[in-house]
Amino acid sequence: MAAALGLGLGPGDAVVSLGASGSVMAVHHEALADPGGMITSFADATGMHLPVVSTSNAVRALRGTAEMLGLDSLEELSALALKSTPGASGLVLLPYLEGERTPSLPHAAGTLSGLRRESMKPEHLARAAFEGMLCSLTDALDVLRGRGVEVRRVFLLGAAAALHAVQALSPALFGAQVVVPSRPTTRRSARPGRPPGPSGSRGAPYRPPLPRPGRAPPRRSWRRATSWRRGRPCGSSTRRRGSRSTRARSAGSGAREAPAGRVRRGRPGPFVKTSQGFHRPGNRS
């Protein structure tokens, strides 16, 4: 629902989310009841409905193929897949590696078929992985279309949406216009030297840490460190104000008043400088 509101979706729009598993969501004017359990309907905050169809295998099929080919990243797999031809020279990868939800085949396994001498090349296997993943998501789209949901435009979400192979193959397979939303760059994330993300972003917005339950937020101290070699505070006016606060606390606790600028920070309690050195009041030896 948050993605639908953020993207401003309307009738005819769908969202394909590419994670380890996949999901297809569309905007419809009525709720869809599915006795088979393939479609899950959610109510939209704008009064519309969001039917969702999920698949069990999406990017996990790409990562498994990259490991088989000895590639370090999905970007390398994408570049390799674009060297192949449409149809991957007859090589077909059925990406049911963890069973499948659409169609409901929980105990299914993936298959690789169409092997011939000319198709046994790394680029054909890479393209078969992308085509298998996108065809599985096309099946999910067809489930919605079969129930009367109109799909004219598809938004791709997820890190894999930025892969060139996904953007090149998905329009023909989905049969609709494909849009990849760009991620806005925040002020904190646009710092120089920070590597950009897969969609041009340089990180997530900064959120300050929240205090733990039952604990008050820490208070800022007005006292600063002192210079031990010179025997005077490192600050000027701010340090003097901190010294008065230190003397007041020492007088209230019955301890001996410490001279201004003679309080050492970093250890509990005030320190007093005498001819014998620095010590705490009441701990002379």
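The values are calculated or read from the model by the stated rules, or taken from the named source; none is laboratory data. The structure presented is a predicted model; accordingly, all values stated were derived computationally and were not measured. Ideal geometry is used to build each Cβ from the backbone, glycine not excepted, and the neighbour counts take in all protein chains shown. These area figures cover heavy atoms from the full protein model, side chains too; ligands, DNA and RNA do not enter into them. Shrake-Rupley method; radii C 1.70, N 1.55, O 1.52, S 1.80 Å.
Structure notes:
- Listed residues G146, C135, V166: farthest to the positive end of the dipole of region 74-166 (Cβ charges): G146
- With a cut-off of 13 Å between beta carbons, the residues surrounding E76 carry a summed charge of -2, where Lys and Arg count +1 and Asp and Glu -1.
- Legend: calculated FRET efficiency, L115 to V179, from the Cβ-Cβ distance at R0 = 30 Å, rounded to 0.05, equals 0.25.
- Surface composition of region 35-76: carbon and sulfur atoms hold 53% of the protein heavy-atom accessible area at a 1.4 Å probe.
- Share of carbon and sulfur in the accessible heavy-atom surface of region 93-134 [1.4 Å probe, %]: 55
- Hydrodynamic radius of region 36-107 per Kirkwood, over alpha carbon pairs, in Å: 14.9
- Per residue value of the accessible surface for region 1-93 (all protein chains in place, 1.4 Å probe), Å²: 45
- Neighbourhood net charge (12 Å Cβ-Cβ; Lys/Arg +1, Asp/Glu -1) for E30: 0
- Whole-number D in µm² s⁻¹ for region 31-158, Kirkwood Cα-pair radius fed into Stokes-Einstein, 37 °C, 0.692 mPa s: 204
- Summing charges over all other residues whose Cβ lies under 13 Å from the Cβ of L5, with Lys and Arg as +1 and Asp and Glu as -1, gives -2.
- For the pair region 141-174 and region 116-133, the centres of their Cα atoms are 21 angstrom apart.
- For V151, the amide hydrogen comes within under 5 Å of no other amide hydrogen, counting only partners 5 or more places away or on other chains and with H modelled in the peptide plane.
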